[in-house]
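Values in this text are rule-based calculations from the coordinates and carry no lab data. Since we're looking at a predicted model, the values are computed, not measured. Using ideal geometry, Cβ is built from the backbone for each residue, glycine included, and neighbour counts are taken over all protein chains shown.
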Amino acid sequence: MKISKKVVLIGHFGVGKSSLIRRFVENTFSDDYKVTIGVHIFKKSVAIPEEGKDVSLVIWDLEGNDDIRDTRTSYLLGTSAYIYVFDVTRPATYNTIGSDIEYLKQHSDKTPIRIVGNKEDLLTKEQIKDLNGEIEPLIDFFTSAKTGNKVDELFSKLAMELI
Amino acid sequence: MLNSYINPHVNTINQFIVINEKGNVIENESPFFKDAIGKPIKTLHPFFENIDFIPKKETQELNFKCVNIFLDDVRYVIDITIKTFEKDTNSLVIIDDLTKHYNNLQKVTQIRNETIINSQLLKYKNHILQEKERFKNRFIRSFSHEIRIPINSINRMCLLLKNTNLSQNQRYNLNVVTNINDQLKHIINDILDISRIETGYFEINTSSFNIYEAIDHINAISKQKCIEKGLNFICKVDESCPLFIDGDQYRLTQILTNLTENAIKFTTSGTIKLEVIVKNKAKNTIELDFKINDTGVGIDKKKLNAIFNGFYQIKNTKIKDNKGIGLGLSIVKHLADALKGTITVDSELKKGTSFTVGLPFAISEKQTLDEKIIEERKQLENAFKILVADPFSKAEIELESIFNQKKYNLNFVESGDAVIESLYRKKYDAVIMNLKLPKMDGLDTVRYIRLSEDADFKDIPVIMVSTNNDEEEERKCIQNRANAYISKPYEKKVLTKKINTLIKEKADLLT
Ligand SMILES: Nc1nc2c(ncn2[C@@H]2O[C@H](COP(=O)(O)OP(=O)(O)OP(=O)(O)O)[C@@H](O)[C@H]2O)c(=O)[nH]1
Ligand SMILES: [Mg+2]
């Protein structure tokens, strides 16, 4: 049986969780916002040639909320990795990043968490740098579901680490 | 309350799947997953792929609400419950199809989220705009400060040059340079003022003040300027206006002087009028309209909207002292906004312009003048008002001790120019003036006074003071129509006697 890993995308609403997944799974993007309620589950396998292996990523696209403590905890069971997504153009989506990460860690201490600033296409390099100053040490990737920037890298690196 | 929980479940049929210890489907009543029997549940849908964590042989119930699944391209939204039992190795999966209910929920959530996101984005955009604006203003401020240094140096160099031997032509050119430099300084100060207002570096200080006095003050300054330009100046305050109001007197003065100066600048003949009108009066608050009319060049109706933007200038070649740029009006607009007021303008080319500034004030609690102030005012009115021009440091102390405060009211200035200015502003009974004064000296000043056309002071008694006690000097003073010459140090008897007789003589002359 192929290795299967559950990856959960979590974060405020409208930050681009579904868009990132759609970019990764289908390589498409839409400017229209269609809110996710509950959870969508997607699957994509990632080949890791170095190891001669395939990993199935079972990606859980959770509905966004204002406070991740409101997330239904059953969704989080059996998670191998979290991708915490925020929107670089909306401070409200990253102001609570510290306590949000703390919350996830309380939930499952050893599960890796990737922190992703999405919609980087909307800011200039300088603006990203300014933003970086505030939350620098935490962020792993600045992505754009729209242009596809760093999206594959995000998922494939994660897949590699999970085996 | 309970209904909201029950309703979604009405008319839904629960579907059951039973799985054995190994995770294979052994019973299936779900139309969603046909032909499932015998298959590992993990293969039915990715949802089931990572449920290994579910303990077996323990009674437990796990709820997964609102799970979106696609079957044959149709989207269903279901609740999935997984039940395990202590006494059974089989587990039960219960599926509840709540698509309709969740679709309604989605609509509501969609609207809610979009609204919040839009407002967050707007807030952030504003924030970024404000940052930019702040940066711009910081830049302007430091730039303006920097540029003052060379401007002041030019000024100093001009002054130095002025004191050297120059031909008439050179002197003329130097004057032009000095004037242009002054204009530049004026502009920079205006720019600084605006950037201070915009960045909120400027404060509003509210206190109780006497509106009649404040207007009187503006009247004094403006009248003087109008006289110099051959214009009339009329000033009127609505009598129903209370004596004391709460507001920022300094900013009000700034607004009104800017507007009157502007009016004077663009008027070559006729009248400037400043009126204070009570627009609304409530128990504790009052709205005043400050109306400034002129009979000047006027502004093209099409351009009226633009005049409050900085750097607007009314083009008119006839006006020689066209020092102004439109920043004054821009400042006034900013100030009026900051004071929660309004400004409107009405104008007709060649007829004149009228600005109206509406400002809200609180009516001060106390409306009476202090007894003490009334008493002092009375005294002041009855006292002899004497203008002293003596730049030497001890003069003030010496004279204050000589003259009884109740009977004499002394005002001190330090130059000849200041004497003239003070005489224009206020009525005095006599002038005591040192011969040695900076810029325009004592003799020149007394000459100016006597030659002036102003009935209020051209015959005012003038006592010249000198340390020299020199007959030749005294002769010159009298020749220039000073009334008396005394030598320093001041002696009480001599001085008071002289003053009293001179004032009395003048009074007798008038009656
Ligand atoms: N410019 C730009 N827009 C993006 C990007 N990613 C997502 N969006 C837009 O952002 C909006 C929200 O995207 P979603 O992917 O639906 O966001 P979500 O995090 O899944 O939202 P919820 O499901 O409500 O939690 C959509 O209008 C997307 O088109 C991006 O990288 N760049
Ligand atoms: Mg989504």
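Among B:Lys229/B:Lys273; B:Lys291/B:Lys378; B:Lys406/B:Lys493; B:Lys394/B:Lys498; B:Lys291/B:Lys385; B:Lys236/B:Lys281, which pairs are too far apart, with a Cα-Cα distance over 23 Å?
Working: B:Lys229/B:Lys273 15 Å; B:Lys291/B:Lys378 32 Å; B:Lys406/B:Lys493 17 Å; B:Lys394/B:Lys498 21 Å; B:Lys291/B:Lys385 33 Å; B:Lys236/B:Lys281 18 Å.
Result: B:Lys291/B:Lys378; B:Lys291/B:Lys385 exceed 23 Å.
As a ratio to 2.2 N^0.38 Å, the alpha-carbon radius of gyration computed for the protein assembly as shown takes the value 1.64.
Here's how it looks for A:Ile83: its modeled amide H is under 5 Å from those of A:Val8, A:Leu9, A:Ile10, A:Arg114, which are all 5 or more places away or on a different chain.
Using alpha-carbon pairs under 8 Å, 6+ residues apart, how would you state the relative contact order of chain A in percent? Before the final figure, lay out each step's value.
Numbers: 279 pairs, mean separation 45.2, N = 163.
It comes to 28 percent, rounded to a whole number.
Annotation: lysines with alpha-carbon distance below 29 angstrom to B:Lys87 (same-chain offsets under eight excluded): B:Lys22, B:Lys34, B:Lys39, B:Lys42, B:Lys56, B:Lys57, B:Lys65. With both labels modelled 7 Å from their Cα along Cα-to-Cβ, the B:Asp337 to B:Phe384 distance reads 5.5 nm.
Does the stretch B:340-447 come out rounded, prolate or oblate by the C-alpha gyration tensor, with a ≥ b ≥ c the root eigenvalues, rounded set by a/c under 1.5 and, if not, prolate when a/b is larger than b/c and oblate if not?
Values: a/c = 3.14, a/b = 1.46, b/c = 2.15.
Cα axes put the stretch B:340-447 in the oblate bin.
For the residues B:Arg475, B:Arg450, B:Arg251, what sequence is obtained by ranking on other C-beta atoms within 10 Å, fewest first?
On the way: B:Arg475 11, B:Arg450 15, B:Arg251 22.
Result, fewest neighbours first: B:Arg475, B:Arg450, B:Arg251.
Amide H contacts of B:Lys236 (H built 1.01 Å from N, in plane; Pro and chain starts excluded): B:Leu274, B:Glu275, B:Val276 sit under 5 Å, all sequence-distant by 5 or more or on other chains.
Quarter the surface of the alpha carbon convex hull of the stretch B:133-285 and you get the mean projected area, 12.8 square nanometres.
Expressed to the nearest 5 percent, the antiparallel share of DSSP beta bridges inside the protein assembly as shown is 60 percent. Cα gyration tensor of the stretch B:394-511, axes a ≥ b ≥ c as square roots of the eigenvalues: rounded (a/c below 1.5), prolate (a/b > b/c) or oblate? Note, shape of the stretch B:394-511 comes out rounded. Give me the angle, in degrees from 0 to 90, between the Cα long axis of helix B:371-382 and the longest principal axis of the Cα atoms of chain B, rounded to the nearest 10. For B:371-382 against chain B, the angle is about 30 degrees. From the largest down, the stretch B:124-199 spans 63, 15, 14 angstrom on the principal axes of its Cα atoms.
Between B:Val177 and B:Thr268, the simple label model (points 7 Å from Cα in the Cβ direction) yields a spacing of 3.1 nm.
Give, as ranges by residue number, the residues of the stretch B:376-394 whose backbone N falls under 17 Å from the point 7 Å along Cα→Cβ of B:Lys407. In the stretch B:376-394, the label zone of B:Lys407 (backbone N under 17 Å from the point 7 Å along Cα→Cβ) covers B:379-387.
Dividing the summed -39500 (n - 2.57) terms of all DSSP H runs of n ≥ 4 by the residue count of chain B sets its mean residue ellipticity at 222 nm at -14500 deg cm²/dmol. Comparing mean-square fluctuations of A:Asp100, A:Asp61, A:Asp70 from a GNM of chain A with C-alpha springs under 10 Å, the top value falls on A:Asp70. For B:Leu274, B:Leu62, the sequence from fewest to most other C-beta atoms within 10 Å is B:Leu62, B:Leu274.
Hand me the GluC sites (Glu not before Pro) from the stretch A:41-88 located in a DSSP loop with no more than 11 other Cβ atoms within 10 Å, in residue order please. Write out the running numbers ahead of the final one.
Values: sites: A:Glu50, A:Glu51, A:Glu63; in loops: A:Glu50, A:Glu51, A:Glu63.
Qualifying residues, ordered by number: A:Glu50, A:Glu51.
Label-to-label distance for B:Asn14 and B:Ile397 is 10.4 nm, based on points extended 7 Å past Cα in the beta-carbon direction.
Need the full-extension length gain, B:Glu371 to B:Asn103, defined as separation in residues times 0.36 nm minus the C-alpha distance. One decimal, nm. Walk me through the numbers before you get to the answer.
Details: separation 268, 0.36 × 268 = 96.48 nm, distance 7.85 nm.
Gain on extension, B:Glu371 to B:Asn103, equals 88.6 nm.
When the alpha carbon coordinates of the stretch A:38-99 are projected onto the principal axes, the ranges are 42, 26, 18 Å, largest first. The distance linking the stretch B:195-246 with the stretch B:351-388 is 11 Å (Cα centroid to Cα centroid, whole angstrom). Between B:Leu451 and B:Glu471, full extension at 0.36 nm per residue minus the direct alpha carbon distance yields a gain of 4.8 nm.
Taking 0.36 nm per residue of separation and subtracting the Cα-Cα distance, what length does fully extending B:Lys136 through B:Val494 add? Mind showing how you got there, number by number?
Working: separation 358, 0.36 × 358 = 128.88 nm, distance 6.42 nm.
Fully extending the segment from B:Lys136 to B:Val494 adds 122.5 nm.
Shielding of peptide B:46-54 by partners, expressed as the average count of other chain Cβ atoms within 10 Å per residue Cβ, is 6.
Neighbour counts of C-beta atoms inside 10 Å place B:His334, A:His40 in the sequence B:His334, A:His40, starting with the fewest. Rounded to whole Å, the principal axis extents of the Cα atoms in chain A read 44, 32, 31, largest first.
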